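Contents: one structure, followed by commentary.
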Amino acid sequence: MPVFYGTEVESPLMLGTALYPSPAILAEAFAASKAGIATVSLRREGGEGQAFHSLIRDLNVKVLPNTAGCHSVKEAVTTAHMAREFFDTPWIKLEVIGDHDTLQPDVVALIEAARILSEDGFQVFPYCTEDLTVCARLLDAGCQVLMPWGAPIGSGRG
């Protein structure tokens with residue numbers, strides 16, 4: 001079984017939880033994919049609160065909250081703290097957006113936020129570019145897992 005930060009998961013496949021037409025289709029997608037991790041955005045849960053939390057818990061997968069939509073270190077760190085409290089996990093998929101149109105990560109802010117969160121006990125999964133220097137600095141900042149993009153967010157290309 002794959003292990004992330006000392007935690008075994010059934011499958012390393014991750015699926016997002018946004019933009020499904022219904023909770024039933026979201027559950028069907030997870031069942032069909034056999035994904036072991038659900039990425040969730042505290043900012044996008046749309047005020048559903050406990051109903052959303054119950055839906056995610058019923059998927060029986062590991063939850064990886066993210067900082068989707070954050071554009072600064074401060075915003076990402078604050079969102080991560082709220083997500084840790086809401087989802088009761090030290091895991092955080094760290095996203096700091098640098099370009100509004102392409103949603104390309106701001107790698108300078110990403111490294112700084114990763115350092116702050118790692119020092120605060122988070123287990124950080126940074127969403128980064130494929131730049132090896134950036135990846136090395138994220139490892140130096142305390143990250144044990146890196147999530148380099150395959151293509152820009154929203155492109156449908158992975």
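Numbers for the structure displayed
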quantity	calculated
Computed E for ILE25/LYS74 - FRET, C-beta separation, R0 25 angstrom, nearest 0.05	0.10
Under the Debye formula (equal points on every Cα, no solvent term), log10 I(q)/I(0) of region 59-142 at q = 0.10, 0.16, 0.18, 0.26 Å⁻¹	-0.21, -0.54, -0.68, -1.27
Hz values of 3J(HN,Hα) by residue in region 20-34 - Karplus curve (6.51, -1.76, 1.60), Gly and Pro given as x	7, x, 7, x, 5, 5, 4, 4, 5, 4, 5, 5, 5, 7, 6
Evaluated at q = 0.14, 0.22 Å⁻¹: base-10 log I(q)/I(0), Debye formula over Cα of region 18-116	-0.56, -1.13
Degrees, to the nearest 10: 73-87 long Cα axis against longest axis of the chain	30 degrees
Length-normalised contact order for the chain - Cα pairs under 8 Å, 6+ apart - percent	16 percent
Carbon and sulfur %, accessible surface of region 8-158 computed with the full protein complex present, 1.4 Å	52 percent
Debye, to nearest 20: dipole size of the chain, +1 on Lys, Arg Cβ, -1 on Asp, Glu Cβ	200 debye
Mean separation of Cα contacts under 8 Å (6+ apart) over length of region 101-140, as relative contact order %	44 percent
Accessible surface, region 43-117, averaged per residue in Å² (probe 1.4 Å)	50 Å²
Loop-resident sites, region 73-158, for GluC sites (Glu not before Pro), counting at most 12 other Cβ within 10 Å (DSSP)	GLU130
With at most 12 other Cβ atoms within 10 Å, longest stretch of the chain clear of loop trypsin sites (Lys or Arg not before Pro) (DSSP)	35-156
Region 1-98: chymotrypsin sites (Phe, Trp or Tyr not before Pro) in DSSP loop, at most 16 other beta carbons within 10 Å	TYR5
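The values are calculated or read from the model by the stated rules, or taken from the named source; none is laboratory data. Everything numeric here is computed off the predicted structure, so don't read it as measured data. Every residue, glycine as well, gets a Cβ built from its backbone with ideal geometry; the counts of neighbours run over all protein chains shown. Keep in mind that these areas ignore ligands, DNA and RNA; they rest on the heavy atoms of the full protein, side chains included. Shrake-Rupley method; radii C 1.70, N 1.55, O 1.52, S 1.80 Å.
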